[in-house]
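Report on one structure; see the data block that follows.
Any read-out appearing in this document is the output of simple, stated calculations on the displayed coordinates, not a laboratory observation. It should be emphasised that the depicted structure is a prediction, and the values quoted were computed from it without experimental measurement. Neighbour counts are summed over all protein chains in view; Cβ atoms, including those assigned to glycine, are modelled from backbone coordinates with ideal geometry.
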Amino acid sequence: MPLEDKYYYIVRKLIEEKKTISTMESCTGGFIASMITDIPAASEVIKGAFVTYSNEAKIKQGVPEWIIKSRGVYSNETAYMMAYACARQYNSNVGIGITGCFGSIDPQNKDGVPGVVDIAIVDGIYSDSWTKTFGPFGSRHDYKIAVADFVADKLMEILEIA
């Protein structure tokens with residue numbers, strides 16, 4: 001199924017269930033939020049999104065500094081706290097957190113492995129996180145599409161979209 005169709009069904013299901021969603025994205029730079037807002041009536045479900053590219057931005061938006069220091073910015077724990085923090089800050093039902101490395105190593109976070117992304121989804125009842133390797137791809141945009149597709153598949157499972 002095309003990626004745009006997946007996000008269409010996700011938005012429709014969220015509207016049907018009267019649920020809201022928010023994201024905190026790092027390496028994807030807001031691409032998941034963009035996919036959601038490309039769908040008509042998305043304003044009924046998306047409460048907001050953070051692009052937290054730096055450690056400082058993640059901390060300012062609610063990720064505990066000790067998580068980043070003890071587990072690393074590229075970790076399931078950080079992705080989970082990103083998902084939890086954005087859901088809490090926007091009072092949304094579903095939160096998505098994404099952190100990872102697509103290519104060059106960030107001097108602030110030298111433990112990144114290109115193509116490895118940590119993703120978390122929380123919805124009050126369900127929460128899970130994944131470490132997934134994507135690529136290698138020729139462009140950062142290709143990585144973003146692959147991550148968005150993975151997130152869409154997980155959201156469809158969680159929301160029980162056939």
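Structure summary
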| quantity | calculated |
| --- | --- |
| Qualifying residue in the range 65-84 (condition: at positive phi and either outside any helix (DSSP H, G or I) or surrounded by fewer than 17 Cβ atoms within 10 Å (Cβ to Cβ) (or both)) | yes |
| Complete set of residues in the range 33-47 that are surrounded by 16 or more Cβ atoms within 10 Å (Cβ to Cβ) and over 16 Å from SER22 (Cβ atoms) | none |
| Residue check for VAL94: touching a helix residue (DSSP H, G or I) at 6+ places or on another chain (Cβ under 6 Å), within 17 Å of THR23 (Cβ to Cβ) and buried (at least 16 other Cβ atoms within 10 Å of the Cβ) | no |
| The range 75-95 residues that are closer than 16 Å to ALA49 by Cβ and in contact (Cβ under 8 Å) with a residue 12 or more places away in the chain, paired with ones that are of a type in the set (Lys, Arg) and surrounded by fewer than 24 Cβ atoms within 10 Å (Cβ to Cβ) (beta carbon under 6 Å, 6 or more apart) | TYR90/LYS47; SER92/LYS47; ASN93/LYS19 |
| Cβ-Cβ under 9 Å pairs, at least 6 apart or on other chains, the range 48-69 side within 26 Å of LYS19 (Cα to Cα) and without any contact (Cβ under 8 Å) to a residue 60 or more places away in the chain, far side among the acidic types (Asp, Glu) and surrounded by 15 or more Cβ atoms within 10 Å (Cβ to Cβ) | ALA49/GLU25; PHE50/GLU25; VAL51/GLU25; THR52/GLU25 |
